[in-house]
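Since the structure comes first, as structure tokens, the remarks are kept for the end.
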Amino acid sequence: MSAPSNEIEMNDQLSHALDVSLRGCEELLPQAEWLKKLARSQETGQPLRIKLGLDPTAPDLHFGHTVVLNKMRQLQDLGHQVIFLIGDFTSMIGDPSGRNSTRPPLTREQIEENAKTYFQQASMVLDPLKTEIRYNSEWSDPLGARGMIELSAKYTVARMMERDDFHKRFHSGQSISVHEFLYPLMQGYDSVALKSDLELGGTDQKFNLLMGRHLQQEYGQEPQCILTMPLLEGLDGVDKMSKSKNNYIGITEDANTMFAKTLSISDDLMWRWYTLLSFRSLEEIAQLKREVENGLNPKVAKVALAKELTTRFHSAAAADAAEQDFINRSKGGVPDDIPEVTLSGAPMGIGAVLKAAGLVPSTSEAGRMIEGGGVRIDGAVVSDRGLKLEASTFIAQVGKRKFARVHLSQ
């Protein structure tokens, strides 16, 4: 951490606010300016305006998205005004950040459908009563052709080509569409429209965030500071969390799945998740890490993290139930809430029963699972593909996680 400006008289409140700002962040630029803004806010009682923009390119958010939302909540809890900006206009351009090809723009219908759930899901992290929600079409649509040309005149092509992804695409002979130059300009103009003091984003957004500073100066405003957060590694611990890589946990997934997926991460990744996703203090996390280093089973710490995250997006009761469900499954036990299926036609072949109960997609798949020892009836492994089940009630199990209570009648 760089030394604070000598012009600022540090106190406990200001030091705490700076520590909260820096927790887990990649960069805070310029830090001295941010400290001055914090000090001014403390002196005047005027909250700072903190902006986060998300383009509704998919209908659901995952834990990776919540890294910056968590930071917003921490700053919100300090008393500042947070602005959750839905990029309904910029989504139609398509963010070129980190891409080696032109992103296909979304249709207005796709954007509106995706945007419906964004604030609702973000409210699982942010305090919705203290959050200002805005759409950048409010000021981008009225800008019109004349305004767009005037805005474009405030930045040069040479500076735009300094951007890493544009630079690489140009020199590798890959196409760059003119409309892609408009994206960072429009994102930067959002900061002008909102008069933001701080903009948050992932490390891949740094160029766009700096554009906001530049344009605010062009329009005679005090420039915003920028705070970038690291990109969260997914369940594999290698690539950033992404639905396309199937290494994600969606914040609307059921409690049992959320809990079990969190427990599947590596011990090393767990500590990074603690820093970026947990609301525990850094001191608490450090103490827990010392306990693990001194012999505490890492699974204890991982269970605590899984319960905290599951509680946040569901409830404490749901987290407790998810933990018990995981224990039951690990021991080969039966979860409490399994689907009940009523069938008729006994005696019925085991393959037909499993398919009708929704445990397998086909009777041939049932046969393969039986041959692999993955089918149980009331806890007993089924080895006969030709087994006929008589009228009765029993627990059917396929693999470790699929169960059904079957009521079979004649």
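Nothing in this text is a laboratory measurement; each read-out follows from the coordinates by a stated rule. Computed from a predicted structure; not experimentally measured. Glycine also receives a Cβ, built like all others from the backbone with ideal geometry; neighbour counts cover every protein chain displayed.
Miscellaneous remarks
- Residues Met161, Met369 arranged by fewest to most Cβ contacts within 10 Å: Met161, Met369
- Cα-only Debye scattering, the stretch 12-229: base-10 log of I(q)/I(0) at q = 0.08, 0.11, 0.18 Å⁻¹: -0.28, -0.53, -1.41
- Residues Thr252, Thr342, Thr310, arranged from fewest to most other Cβ atoms within 10 angstrom of their Cβ, appear as Thr342, Thr252, Thr310.
- Rounded tilt (10° steps) of 137-152 against the dominant C-alpha axis of the chain: 50 degrees
- Degrees separating the helix 31-44 axis from the principal Cα axis of the chain, which is the longest one: 80 degrees
- Square roots of five times the Cα gyration tensor eigenvalues for the stretch 245-315, Å: 21, 13, 11
- The order of the peptides 225-231, 295-301 by mean Cβ neighbours within 10 Å, most packed first, is 225-231, 295-301.
- For the chain, the residue among Ala301, Cys225, Ala158 whose Cα projects farthest onto the positive side of the dipole built from Cβ charges is Ala301.
- Highest mean packing comes first when the peptides 257-263, 399-405 are listed by Cβ atoms within 10 Å, giving 257-263, 399-405.
- Cα shape, the stretch 182-267, gyration tensor, a/c 1.5 rule: prolate
- Once Rg and the Kirkwood radius are both taken over the C-alpha atoms of the stretch 340-409, their ratio Rg/Rh works out to 0.90.
- Asp165, Asp267 arranged by Cβ crowding within 10 Å, fewest neighbours leading: Asp267, Asp165
- Filter on Lys245/Lys355; Lys195/Lys307; Lys206/Lys240; Lys37/Lys168; Lys51/Lys240; Lys130/Lys240 - keep pairs with C-alpha separation over 27 Å: Lys245/Lys355; Lys195/Lys307; Lys37/Lys168; Lys130/Lys240
- Using alpha-carbon coordinates, inclination of helix 316-330 to the longest axis of the chain, degrees: 50 degrees
- Taking Lys and Arg as +1 and Asp and Glu as -1, the other residues whose beta-carbon sits under 10 Å from that of Ser191 total +1.
- The computed Rg and Dmax of the Cα atoms in Å for the structure shown corresponds, within (i) 26.3, 86; (ii) 27.7, 87; (iii) 20.7, 67, to (i).
- 222 nm mean residue ellipticity, helices alone, for the chain (DSSP H n ≥ 4; -39,500 (n - 2.57); rounded to 500): -14500 deg cm²/dmol
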